[in-house]
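What follows is a single structure, written as structure tokens, with notes after it.
The values are calculated or read from the model by the stated rules, or taken from the named source; none is laboratory data. Here the structure is a predicted model, which is why all the values come from computation and not from measurement. Cβ placement follows ideal geometry from the backbone for every residue including glycine, while neighbour counts extend to all protein chains displayed. Protein only, heavy atoms only, side chains kept; ligands, DNA and RNA dropped before computing areas. Shrake-Rupley method; radii C 1.70, N 1.55, O 1.52, S 1.80 Å.
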Amino acid sequence: MTAAAEVAATWKRLCVRGATTLNEIGPTRLLEAWNGAIQTFRDPETQQRNHLMPDLARQVGMSEPCLAASLEALLDGFAPPFSAEVFTRVSAQRAAGPFVVVLAATVPGLALQPLLAGLALGRAVLCKQSSRESSFTSAFVAELSRREPALRGAVATVTWKGGDAAVEEPLFDSSDVVAYGSDETVYAIAALADSRLVAFGAKASIAVLGSGPADLDSIVEGLTRDICLFDQRGCLSVQAIYTEGRELAEALHARLGSRDHGLGPAARTWPPGKASAAAMGRVRHERDAATLLGKAVADLPIGAGTVILDPEPRFVPSPGLRAVRIHPLDSLVELAEALSPLRGRLQGAAVAGTSSAELARISELGFSRVCQPGELQSPPAAWTNGGIDLVERLSVPPVVSG
């Protein structure tokens, strides 16, 4: 069977039985199945998780310890009571057609939010996995179906080569689509799905440290987590840190970039995945250019991470491999101007040591998640990713008879 035929058959099955199946199961059993599946993959002792991890780590190119910590952080936001919050937002099961989720390979677990929204809304879900990461969503859907066998008629995973017109033109032309990925991927899907597309493209996250009272050790611990989890590949991974004052920036640079604190020991606890020659080359160029310009570069092995003290406020996208720049500002008022080129591209801010007025100004810059350092990678299930309320966007008016 061709990919187009397989996808078409699966889609037809979801269209015919999906909504009816979800309504028959009901929200109570759906939520129980969801919470049970989440707990299965949070628990390091379960057979399902232990079977999943080696293949998933190989596919995404992450070490198993870093992948395990990353997934646990993500799954925490989809456990009770966060999962129940999504269900309570839906006053009644709303029978509607299925929708498609297109997943990126960079971060496993992206399917969780649209899957949960679909179950709560009574909408069947077809998940298109990347050929480069086809493990997590399949394993999670299989666990959901093991706990609630009828879900096989309402949730499915498929894989096809992106850009296959025989699959995508008829499918995207007739369905709502939730898509994660690069701008190129999103634009290609938008040409077919038009206004029915809910797109989550590339975004950047930062940290902001004010001069108010704060425990530097706990901040470094939290920022290390926000940088290292998912090997700095996610939209909630910190790429730059802005501080109020040079003194704080220098202290943070020394601590975060130390072999004994921050990124140094993190490289032993959560070893980074194997990097390509091209990725290593980009980071070496970043280090060499910073050194040539007189900017301080932390004395860390390149595999452990890179910390650059950069007096220029301009945001520079991280080349990856746990590389961050620390930018001292005279005042946090300057932050808006420094980040102005990123408007519409900002995602998360890990914030500490700020006044309530400063925190309000930071929140107004367009971040969809503002929290303490160390919490960025555990957004709650109801999080408005990129400012998009997924439950609201996927809701349909209830059908009124008569």
For a quick protection proxy, order the peptides 286-292, 122-128, 349-355 by their average other-Cβ count within 10 Å, most packed first. 122-128, 349-355, 286-292
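Rounded to two decimals, what is the ratio between the C-alpha radius of gyration of segment 163-268 and 2.2 N^0.38 Å?
1.57
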Segment 315-381 versus segment 1-51: alpha-carbon centroid distance in Å: 36 Å
Residue of ALA336, ALA199, ALA382 that the Gaussian network model of the chain assigns the largest fluctuation, springs spanning Cα pairs under 10 Å: ALA336
State in Å² the accessible area per residue of segment 265-314; use a 1.4 Å probe, count heavy atoms of protein chains only, and round to the nearest integer. 55 Å²
Grab the other residues whose beta carbon is less than 13 angstrom from that of LEU171, score K and R as +1, D and E as -1, and report the net. -3
5 angstrom amide H check on ILE241, placed H, neighbours 5+ away: ALA207, ARG325, ILE326, HIS327
Gyration tensor verdict on segment 254-402 (Cα atoms; rounded if a/c is under 1.5, prolate if a/b is larger than b/c, oblate otherwise): prolate
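Sort 310-319, 206-215 by packing, meaning the average of other beta carbons within 10 Å per residue, with the highest value first.
206-215, 310-319
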Net charge near ALA105: determine it from the other residues with C-beta under 9 Å of the C-beta of ALA105, scoring Lys and Arg +1 and Asp and Glu -1. 0
Of all DSSP beta bridges located in segment 236-339, what percent are antiparallel, nearest 5? 20 percent
Sorted by packing (mean other beta-carbon atoms within 10 Å per residue), highest first, where do 46-58, 143-155, 263-275 land? 143-155, 263-275, 46-58
Round to a whole angstrom and tell me the spacing of the C-alpha centers of segment 131-176 and segment 214-255. 37 Å
Rounded to the nearest 20 debye, dipole of the chain from Cβ charges on Lys, Arg, Asp, Glu: 940 debye
